Amino acid sequence: MFIKKEYSEECLYTTGESPCLETGFFEWDISKDQITLCPYLAEKLSFKTISTIQNYSSWLKLIHPKDIELFENYLKENVTKDNPYISLEWRQLGRDKKWHWFGVRGKVTQFDSNDAPIHSFGICIEISKYKENITNSTQAQLLISELNHINNSQKNNGSLESICTEVLKSFNKLTKSSNSVLLFSTFENLTANLKNKLSTFSFNDKDTDSFEWSTEKNEFIKNFPVTRNKLIQNNNETSLLGVHLNLPFNHHAMLIIERKEAFNEEVIDFLNPLINALTDILSVNKFEEKRKELESTIDFFIKQVPAPVAMFDCKMHHKFVSEEWRRTNNLGEPHEFINKSYYEIYPEEPTIWKENYQKVLAGETIIWKPTKNTDKLGETYWTEGVIAPWYTLDGSLGGMIMYYNDVTKRIEQEHTLINTLKNLNQTNELLKKSNEYLESFGYVCSHDLKEPLRNVANYIQLLFNKYKNDFDETSVTYMHYVLKGITRMKTLIDDILLYSKVIKQTDRKKEFLNLNNVIKDVKRDFSYQLIEMGGQIKIYNLPTIKAESVQINQLFMNLISNAIKFKSEKPLIIEIFGIEDDSFWEIHVSDNGIGIDESYHKSIFQAFKRLNSRHTYEGSGLGLSICQKIVEAHEGTIMVQSNPTGGCDFVIRIPKIFCNSQIMPS
């Protein structure tokens, strides 16, 4: 960028700041009387407005009067097509009303027909501090010499305290001070242990306790943490300079320098390179301490992991391994493999795994699912695991960490379970086919038996009608028994046919049914019987459910029929109502009939189960079995319990997912 070497490097050290941080760019269009500036120059220089586009004449007005002639002569005499470069220094007025020195480097890109420059661009580097300090080059050289001395001390692996003492010596030389001290804290609240001295130095006394803590110094240190920057305290007898050093991991340090001569900001600026060097030294030390602390923690943690885990660096050298890794891989004591290459211990590692390791060391994470392996004895085993990169404190890739687990037992159990499920599915499929066959067989049998039974009943009725006058009383009784048996057989066949239809009808499309309306329809079918016996059915608090309409009608038909059949001598009262809880609707069909003994409450739903003689109460014994089959087909349950005042209470529980919680009016 056309920067003269004689002040580019020295400026860095004498000001403590990089020139690039005070560098501005410009583009000059002479033909348009316009100059375009970067924001830095627009704000730095004393233009009337803070604009990046200014008149060239405004730019010239800000150049020091003694430098304008130099500037214009330079363009006329030194800049040509053969040598289009601009390289000179001048002063310009800043917004702080002070003159600032700039080193200007640029290039003329266009010339007019008379070879006069009309367009150029370049950079302005502020060199004010360089100009101010150039007369004191001896001190600048001393600063560089001290920095080199400190750098050599670090290269020679000196202790932290000895290196810091050398740094303090350098501060004393450069500032002509009598004492310096470096205080250290590991707390956010610096006053908690700010007097924890890391190193001290005195020109007058080599004793490290020679730095006297006067009341004045104590107050200085007490106030210093509030500023968290740099603090100067000058008085007649002695002056103090304090510099706050912000270190990694919430650590802090404070440098205090004591001398008779007053301190100023220029001294601090001059010392910045040395302050930065001290901060770097302490920071590196803190990183090293944290690294050792983390490595110790990681080593302890990995050793305790009850699984094979190992940590490697970027060169695949062992760093940490768990005890389980040692046991599984038959490794010896840590000193036999730590810091040794993985490939040295496993020279026959398959190529595919070597390629995987390189992918991980490039930042990729590899997860392998259960994989079949064979050991040296030919035995099969299964493993799964993860290989992932790990990173250092500064964010760079440090290596990889590998975890794997022997899952042979789990895989064998899974295979056994898969085979068991496969066999179970086959058994279920056979059972399903068998049930379908039995249902179909029951349907066909019950359907086909009705026709011959009807023929038998018809011919016996014809025979009875033709010869009833010739039958004696005993024969007539026998004939009635036959006809009654045929009727009972017909009822049994109808119930078996209905029972076999339940599964087939469950496959039909379900719809929302208002149970109030369902019960009203069923009640209408029993209206004559209820009037005749003086009975009544009460309905209230019933929900709407999603169900197959034919089956739900059959369900309540059977339960009401059952209540009528087994009524007591009291006037029959049947109550049908619903009770809602968190997950279910309970539908109760309660009566005041003869009831059922508690010992039969579970067995009453078995097919063909009868508690009374068929001569006393007619029926096939399938009514409640059909009810149970219908309820179960709707993911519900049915049970019976005794009423405290006599009779039965059938309770149907239907999951709410099949219900509409809104109560429909009865």
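The values are calculated or read from the model by the stated rules, or taken from the named source; none is laboratory data. On a predicted model such as this, the values are computed, not experimentally measured, just so you know. Here Cβ is always computed from backbone atoms with ideal geometry, including for glycine, and neighbour counts include all displayed protein chains. Only protein heavy atoms, including side chains, enter the accessible area calculation; ligands, DNA and RNA are left aside. Shrake-Rupley method; radii C 1.70, N 1.55, O 1.52, S 1.80 Å.
At a glance:
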| read-out | value |
| --- | --- |
| Selected residue [of a type in the set (S, T, N, Q) and in contact (Cβ under 8 Å) with a residue 24 or more places away in the chain] from Ser128, Ser113, Ser58 | Ser128 |
| Residues located in the stretch 40-98, provided they are acidic (Asp, Glu), in a strand (DSSP E or B) and farther than 17 Å from Glu22 by Cα | none |
| Any chance Ile401 is open to solvent by 50 Å² or more (accessible area, probe 1.4 Å), within 30 Å of Ser322 (Cα to Cα) and modelled with pLDDT of 90 or more | yes |
| Matching residues in the stretch 574-586 - criterion: being open to solvent by less than 60 Å² (accessible area, probe 1.4 Å) and of a type in the set (A, V, I, L, M) | Ile574, Ile576 |
| Among the residues listed as Thr135, Thr191, the single one being within 30 Å of Gly106 (Cβ to Cβ), modelled with pLDDT under 60 and open to solvent by 20 Å² or more (accessible area, probe 1.4 Å) | Thr135 |
| Among residues of the stretch 607-636, those that are at pLDDT 70 or above and open to solvent by 80 Å² or more (accessible area, probe 1.4 Å), counted | 2 |
| The stretch 504-519 - residue that is at pLDDT 85 or above and closer than 17 Å to Asn558 by Cβ and, of those, nearest to the chain's Cα centre (by Cα) | Leu513 |
| Residue ID - nearest to His252 (Cα to Cα), chosen from residues in the stretch 292-306 that are β-branched (Val, Ile, Thr) and either open to solvent by 80 Å² or more (accessible area, probe 1.4 Å) or in a helix (DSSP H, G or I) (or both) | Thr297 |
| Failed item, numbered, when Glu289 is tested on (1) surrounded by fewer than 16 Cβ atoms within 10 Å (Cβ to Cβ); (2) within 30 Å of His244 (Cβ to Cβ); (3) in contact (Cβ under 8 Å) with a residue 24 or more places away in the chain | (3) |
| Of all residues in the stretch 229-263 being part of a strand (DSSP E or B) and farther than 23 Å from Ala277 by Cα, the one that is nearest to the chain's Cα centre (by Cα) | Gln233 |
| Identity of the residue in the stretch 308-331, of a type in the set (S, T, N, Q) and within 20 Å of Glu384 (Cβ to Cβ), that ends up least open to solvent (accessible area, probe 1.4 Å) | Ser322 |
| Set Thr36, Thr49: member being under 57 Å from the mean Cα position of the chain (by Cα), at pLDDT 80 or above and surrounded by fewer than 16 Cβ atoms within 10 Å (Cβ to Cβ) | Thr49 |
| Single residue of the stretch 385-395 satisfying the filter (in contact with a Gly (Cβ under 8 Å, 6 or more places away or on another chain) and not in a loop (DSSP other than H, G, I, E, B)) that is surrounded by the fewest Cβ atoms within 10 Å (Cβ to Cβ) | Tyr391 |
| Filter result (modelled with pLDDT of 70 or more, over 15 Å from Lys565 (Cβ atoms), open to solvent by less than 60 Å² (accessible area, probe 1.4 Å) and part of a helix (DSSP H, G or I)) within the stretch 587-606 | Phe605 |
| Residue within the stretch 93-112 that is touching a helix residue (DSSP H, G or I) at 6+ places or on another chain (Cβ under 7 Å) and modelled with pLDDT under 85 present | no |
